[in-house]
Amino acid sequence: MNTRRDFFRAAGIAVLAAQGAPAKPRRFTDYDTPARQLLSSLSLDEKIGQMTQPDQQYLKSLDDIETYHLGSLLSGGNSDPKSGNDPDSWTAMCDGFQKRALAARPRIPLLYGIDSVHGNSNVIGAVMFPHNIGLGCTRNAKLVEEIGRLTASETRAIGANWAFSPCVTVPQDIRWGRTYEGFSEDPSVVAPLGAAATRGLQWDDLVSPHSVLACVKHFAGDGGTTFNTGMPRGRNSTARYPLDRGDTRGNEETLFQLHIAGYIPSIAAGAGSIMPSYSSWNGEKCSGSKRLLTGILKERLGFQGFLISDYNALGELPGSYQEQIAQSINAGMDMVMVPDRYQEFIRLLKANVAAGKVPQSRIDDAVLRILRVKFAMGMMAPNANLLAVAEARREFGSAAHRAVARQAARESIVVLKNERKTLPLPRGRGRIHVAGKSMDDIGNQCGGWTITWQGKSGATTKGTTILAALRTVAGRVTTSTDGSGAEGADVGVAVIGEKPYAEFEGDRTDLKLAPEDVAAVKNLKRAGIPVVAVIVSGRPLVVDEILADADAIVAAWWPGSEGDGVADVLFGSHPPKGMLSFTWPAGGSTTFLRGAAGYKTLYAFGHGLGY
């Protein structure tokens with residue numbers, strides 16, 4: 001296969017790619033002339049600074065932005081402003097860094113990156129949309145694009161201009177703790193939604209004051225790692241994490257058809273950056289693979305943007321740190337996320353160039369790619385608005401944005417089971433007894449990557465819990481976490497499932513419901529009433545223990561901050577539309593790897609009941 005058309009065909013998404021691309025696909029090479037002119041004026045130190053991205057929390061001094069000619073900063077999952085986690089504090093921090101960069105010479109503005117993965121999910125008060133696993137159930141590319149636009153606007157509202165999103169992983173084993181970051185187990189769902197998210201974040205026009213640079217991730221195969229491979233997975237990895245940062249095995253054709261398929265339409269949609277994966281392909285770390293980063297991504301797929309490494313990812317390559325740097329840069333990495341080692345990285349990369357271990361041409365290519373993206377974003381224009389956008393700030397967390405999140409929540413919901421027409425629930429009459437640990441917990445409802453990296457239970461941010469939403473529609477509502485006291489109610493609703501998690505901590509070998517969840521359902525059933533189980537989770541869970549007791553089962557995923565969307569479906573004001581984006585496993589499965597012997601299906605991919 002020698003052309004991009006061959007690769008579209010190999011991925012099986014030629015039509016989707018064509019439909020997903022803008023009418024005039026963005027060409028970053030159109031900005032080569034001004035980018036090359038600027039590049040020619042830069043010293044080696046200034047070029048290496050453009051390739052360096054520290055985490056703001058480890059910045060030794062504000063003056064280091066000029067001293068080291070830094071081209072980018074980020075806030076990692078727990079890297080908040082020292083003054084607080086509110087919009088004002090974020091704006092003051094981001095704008096402060098940008099103003100310092102603009103005062104430096106040469107004047108090259110900062111890219112500031114954050115993990116806006118389901119809304120501007122770092123900031124208290126931002127709208128939290130459903131995670132990608134739920135959005136995959138909508139099959140609604142137009143909605144996903146709008147979510148991208150609103151996420152971009154709420155990100156620009158605080159002065160950041162780069163979102164490490166969308167994730168176009170295609171998870172194959174739901175024991176992986178990042179399953180919920182993927183739209184689906186099937187690339188035919190992932191490809192159009194990833195392109196829609198890219199268009200939304202970048203507003204089809206990177207010079208828009210509301211747009212952010214998208215970062216498609218994690219290239220390639222992060223969702224296909226082999227369980228407990230024993231591959232080295234970095235300083236934070238132990239046997240507790242059998243899938244994260246592991247090894248994806250298979251030939252190039254399989255890699256394209258399954259794991260690269262989502263990148264092709266996103267590149268066609270104008271994605272300006274891509275993040276290589278921590279994981280390996282056939283034993284070689286993606287962050288150090290020239291075949292993947294240069295041969296396939298840049299040369300064969302024609303990607304014109306730049307590559308940014310994941311957090312400390314170079315440290316997982318073999319050899320000394322200096323050797324790791326040389327391997328990754330020579331493989332095609334253009335910018336490196338070096339949270340706390342930026343001074344060492346700069347020194348060692350410069351030493352590699354001096355020793356001939358990294359050619360000057362590779363440095364120039366990397367910086368050219370970064371600069372032409374900055375030109376395409378309009379950042380280099382003298383009158384560019386590089387600070388927090390006042391109009392976006394006025395809409396931050398607004399009712400209009402929350403209405404879209406509510407729509408997304410209700411379209412994500414999948415009705416798995418509905419016997420004896422238990423759903424929809426009666427509106428405005430009768431008594432509903434609500435139980436379960438997640439009934440009134442906004443943290444559990446939003447899941448991982450919410451305010452903190454792993455997310456956490458409790459009143460972490462603003463929004464409407466599922467219980468609060470039910471109270472606005474139901475006649476009378478009583479509650480108990482364990483499901484006791486339901487006698488005499490007309491129906492019981494148990495809101496159960498998983499507590500928040502992210503990478504590492506989310507890997508699980510056992511996907512059964514927690515004992516307290518099963519007990520809540522059974523206690524409701526002992527009251528002799530119909531029972532609805534609402535599963536709040538980052539992946540399908542084994543629900544066999546409640547099948548006999550739950551008359552209806554609803555997969556709500558991690559629906560985000562707007563619990564009204566769940567109530568909309570439960571009470572039938574909007575009919576359920578969601579279709580499973582992942583196969584739902586049955587109990588007795590000896591593996592949760594899709595297609596493997598021992599995997600048993602309870603509800604098939606695409607399943608979803610209506611009323």
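The values are calculated or read from the model by the stated rules, or taken from the named source; none is laboratory data. Predicted, not measured: the structure shown is a model, and the values here were computed from it. Reconstructed Cβ throughout: ideal geometry from the backbone, glycine too, with neighbour counts over all protein chains shown. Accessible surface is based on the protein model in full, side chains and every heavy atom, while ligands, DNA and RNA are left aside. Shrake-Rupley method; radii C 1.70, N 1.55, O 1.52, S 1.80 Å.
Residues are listed down the side, and each one gets a yes or a no for (1) under 24 Å from Val542 (Cα atoms); (2) open to solvent by 20 Å² or more (accessible area, probe 1.4 Å); (3) assigned to a helix (DSSP H, G or I):
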position	(1), (2), (3)
Gly455	yes, no, no
Ala468	no, yes, yes
Val477	no, yes, no
Glu487	no, yes, no
Val495	yes, no, no
Pro500	yes, yes, no
Glu505	yes, yes, no
Asp510	yes, yes, no
> If you take the residues of the range 30-63 that are of a type in the set (Asp, Glu) and within 30 Å of the chain's Cα centre (by Cα), which of them is farthest from Val353 (Cα to Cα)?
Replying inline: Asp30
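For every residue, the table says whether it meets (1) touching a helix residue (DSSP H, G or I) at 6+ places or on another chain (Cβ under 7 Å); (2) open to solvent by 20 Å² or more (accessible area, probe 1.4 Å); (3) within 23 Å of Gly305 (Cα to Cα).
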| position | (1), (2), (3) |
| --- | --- |
| Arg347 | no, yes, no |
| Ala351 | yes, yes, no |
| Ala354 | no, yes, no |
| Lys357 | yes, yes, no |
| Val367 | yes, no, yes |
| Met379 | no, no, yes |
> If only one of Leu62, Leu44 is within 16 Å of Glu344 (Cα to Cα), open to solvent by 30 Å² or more (accessible area, probe 1.4 Å) and not hydroxyl-bearing (Ser, Thr, Tyr), which one is it?
Replying inline: Leu44
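Report yes if Pro540 is in a loop (DSSP other than H, G, I, E, B), open to solvent by 20 Å² or more (accessible area, probe 1.4 Å) and at pLDDT 95 or above, otherwise no.
Judged against the criteria, Pro540 is not a match.
For the range 245-263, give me each residue that is in a loop (DSSP other than H, G, I, E, B) and crowded, with 20+ Cβ neighbours inside 10 Å.
Arg245, Gly246, Ala261, Gly262
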> From the list Val338, Val353, which residue is closer than 28 Å to Gln57 by Cβ and β-branched (Val, Ile, Thr)?
Replying inline: Val338
> Which one is most open to solvent (accessible area, probe 1.4 Å) among residues in the range 306-323 that are in a loop (DSSP other than H, G, I, E, B) and within 30 Å of Asp32 (Cβ to Cβ)?
Replying inline: Asp310
> Taking interchain pairs and intrachain pairs at least six residues apart, which have beta carbon atoms under 8 angstrom, with the first residue in the range 185-205 and at positive phi and the second of a type outside the set (D, E, K, R) and part of a helix (DSSP H, G or I)?
Replying inline: Trp203/Ala152
>> Out of everything in the range 559-590 that is in contact (Cβ under 8 Å) with a residue 40 or more places away in the chain and hydroxyl-bearing (Ser, Thr, Tyr), what residue ends up being surrounded by the most Cβ atoms within 10 Å (Cβ to Cβ)?
In response: Ser561
>> Looking at Ala126, Ala152, Ala157 in this structure, which one is closer than 23 Å to Asp80 by Cβ, among the small types (Gly, Ala, Ser) and touching a His at 6+ places or on another chain (Cβ under 8 Å)?
In response: Ala152
> Does any residue in the range 467-496 that is within 18 Å of Val566 (Cβ to Cβ) come within less than 8 Å, Cβ to Cβ, of a residue that is of a type in the set (Ser, Thr, Tyr) and open to solvent by 40 Å² or more (accessible area, probe 1.4 Å) six or more places away or on a different chain, and which pairs are these?
Replying inline: Leu467/Thr479; Val473/Ser573
> Given the residues Ala390, Ala354, Ala399, Ala366, which is the only one that is under 21 Å from Ser43 (Cα atoms) and without any contact (Cβ under 8 Å) to a residue 40 or more places away in the chain?
Replying inline: Ala354
> Looking at (1) closer than 30 Å to Val144 by Cα; (2) surrounded by fewer than 22 Cβ atoms within 10 Å (Cβ to Cβ); (3) at pLDDT 95 or above; (4) among the small types (Gly, Ala, Ser), which is the only condition Ala384 fails?
Replying inline: (3)
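Matching residues to (1) closer than 30 Å to Thr465 by Cβ; (2) in contact with a Gly (Cβ under 9 Å, 6 or more places away or on another chain); (3) modelled with pLDDT under 95; (4) among the hydroxyl-bearing types (Ser, Thr, Tyr):
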| position | (1), (2), (3), (4) |
| --- | --- |
| Pro339 | no, yes, no, no |
| Arg362 | no, yes, no, no |
| Ala400 | yes, no, no, no |
| Ala409 | yes, yes, no, no |
> closer than 17 Å to Leu547 by Cβ, in contact (Cβ under 8 Å) with a residue 12 or more places away in the chain and hydroxyl-bearing (Ser, Thr, Tyr): does that describe Tyr599?
Replying inline: no
> If a residue has to be within 16 Å of Gly270 (Cα to Cα) and crowded, with 22+ Cβ neighbours inside 10 Å to count, how many in the range 287-303 make the cut?
Replying inline: 2
> Condition test on Ser83, is it hydroxyl-bearing (Ser, Thr, Tyr) and open to solvent by less than 10 Å² (accessible area, probe 1.4 Å)?
Replying inline: no
>> Here is a check on your reading of the model: is Ser40 closer than 24 Å to Asn444 by Cα and among the hydroxyl-bearing types (Ser, Thr, Tyr)?
In response: no
